[in-house]
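The values are calculated or read from the model by the stated rules, or taken from the named source; none is laboratory data. Remember, predicted model here, so these are calculated numbers, not experimental data. Cβ sites come from the backbone with ideal geometry, for glycine too, and all protein chains shown count toward neighbours. Areas reflect the complete protein model, heavy atoms only, side chains present, ligands, DNA and RNA absent. Shrake-Rupley method; radii C 1.70, N 1.55, O 1.52, S 1.80 Å.
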Amino acid sequence: MTADAPGGGGTSAQRSLKPLAGVLTAIAVSVTGTRISLVALPWFVLVTTGSATLTGLVAFCEMAPYVVVKAFTGPLVDRTGPRAVSWTTDLASAAAASAIPLLHALDLLSFPVLLGLVAVIGAARGPGDLAKEVMVPEAAERAGTPLERAMGLSGVIERLASTIGPAAGGALVALFGPMTGLVVNAVCFALGSVVVAVALPRGMGQPVVDPSAPGGGKEAGYWRRFGEGFTFLRHEPLLLAVIVMLGITNLLDAAMTTLLLPVWAGESGNGPAAIGLIGSVMGAAAVGGSLIAAMAAHRLRRRVVVLGGFLLAGAPRFLVLAVDAPLGAVLAVFAVSGFGAGFINPVLGAVLVERVPRRMLGRVNALGDSLSWSGIPLGGLLAGAAVSAVGLTPVLLACGAAYFLTTNLTGLRPEWRAMDRPGEGGGVLPPQAEGNAARGDATVP
């Protein structure tokens, strides 16, 4: 994929790809930095405090503000425009992230200060991530790309960054210490801010006006706009069923990433390099799954794709760590899980955008993400307390069983039939999606 340089005289096809390339680049650098931090920060806390509980507390202090602030910034993104929100919040994240290694070098980084800075990063990341997500459908329209393909490409970029990030994080921590990884994280936030502020075409990422609302839809109060998003989501049984399931699986994924995997790496003697290697293998396999989803997901049955992806991506990861398998077997299982995970987000993202009017996408997406991510702050915290109480293996087995039951039982609910397209197992195109297509609010494949 190529894009014009500013002021260049490239073809119209190149110009139309520029918005999508810019948004994907911003997502790539942001996710890469975050994945490096997910290796560096837990390892730093674990080796300096020796406490799984404190390590989980740090993860909680980042993700709790992330979820809460993201939930309430949807109306702001819709009203202000995702572009302005994205570059300003990334800049704030960069400032807070760079303060951690700086204060550590000056011997001024106490544990409460670390918790405060991590909370600022989480609070800024929430709106920034939301803003980038909201810009993907607009970029797809400008590029003339089917929605599921654009969401698939976004998934590919995210998975690719999730491959590079843990590998880089593991190597940086092993060779230079965790503070170097946190410096790189700050640089990535700053770079993402520059990409969104400077590289995207003018006019992109602006507020979407609702012509049917008084004053063109721009003067409605914050709480009214927030309430509109909440009311819309409350009347969407499919989205609510998906959100409940994701709330549980995301809690379990957070427990794995922020606590269980670092503790396993320490107890098994594999060290931080193994954390990075596992993350990279899973990310590389997920890139393959996302690429296939980007090219073919719009021709596959959605329920089968999503539930099959969860079956591979969930319980096997916990079970292979629980049985104390050799590193080669662990890598193989995580690779299979990553491949399955690569199919999930492109389909779920397309379903969300199809069912939500573009003018409300920011606030509905914010609420949906925040509710589905509500368990993430508790993942590391609860896992740390559980591991301290009963040990690693019982917690891994319990998490694997919970993942399997959650995804399979939820997938049997009747609301999930609405995920399929007309003619696919009784799927029916929702009325609001038909309205979206007519108004140009969303692209329906």
**Asked** So how long is each side of the stretch 34-193 along the principal axes, counting just the alpha-carbon atoms, biggest first, in Å?
**Response** 51, 30, 26
**Item:** Distance between modelled label sites at Ser110 and Ala197, nm, 7 Å Cα→Cβ extension
**Value:** 3.3 nm
**Message:** Suppose all protein chains stay in the model; what accessible area per residue would a 1.4 Å probe give for the stretch 250-390, in Å²?
**Reply:** 31 Å²
**Message:** Accessible area of the stretch 47-170 with a 1.4 Å probe: how many percent of it is carbon plus sulfur?
**Reply:** 71 percent
**Request:** Could you tell me whether the stretch 150-197 comes out rounded, prolate or oblate from its Cα gyration tensor? Rule is a ≥ b ≥ c as square roots of the eigenvalues, rounded for a/c under 1.5, then prolate if a/b exceeds b/c, otherwise oblate.
**Result:** oblate
**Cα-projected label distance for Ala95 with Arg224, points at 7 Å along beta-carbon direction, nm** = 3.3 nm
**Item:** Among 94-107, 171-184, 24-37, the order from most to least packed when residues are scored by Cβ within 10 Å on average
**Value:** 24-37, 171-184, 94-107
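May I ask for the Rg/Rh ratio of the stretch 36-127, computed from Cα atoms with Rh as the Kirkwood radius, given to two decimals?
With Rh from the inverse mean 1/r over Cα pairs, Rg/Rh is 1.03.
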**Complete:** Extend 7 Å from the Cα of Val244 along its Cα-to-C-beta direction; within the stretch 339-378, residues with backbone N under 14 Å of that point are 372
**Request:** At 20 °C and 1.002 mPa s, grab the translational diffusion coefficient of the stretch 236-320 from Stokes-Einstein with a Kirkwood Rh over Cα pairs, rounded to a whole number in µm² per second.
**Result:** 145 µm²/s
**Complete:** Carbon plus sulfur, as percent of the 1.4 Å-probe accessible area of the stretch 302-360, comes to 75 percent
**Request:** Only Lys, Arg, Asp and Glu count, each charged at its Cβ (+1, +1, -1, -1), so figure out the dipole size of the stretch 99-186 about its Cα centre, rounded to 20 debye.
**Result:** 100 debye
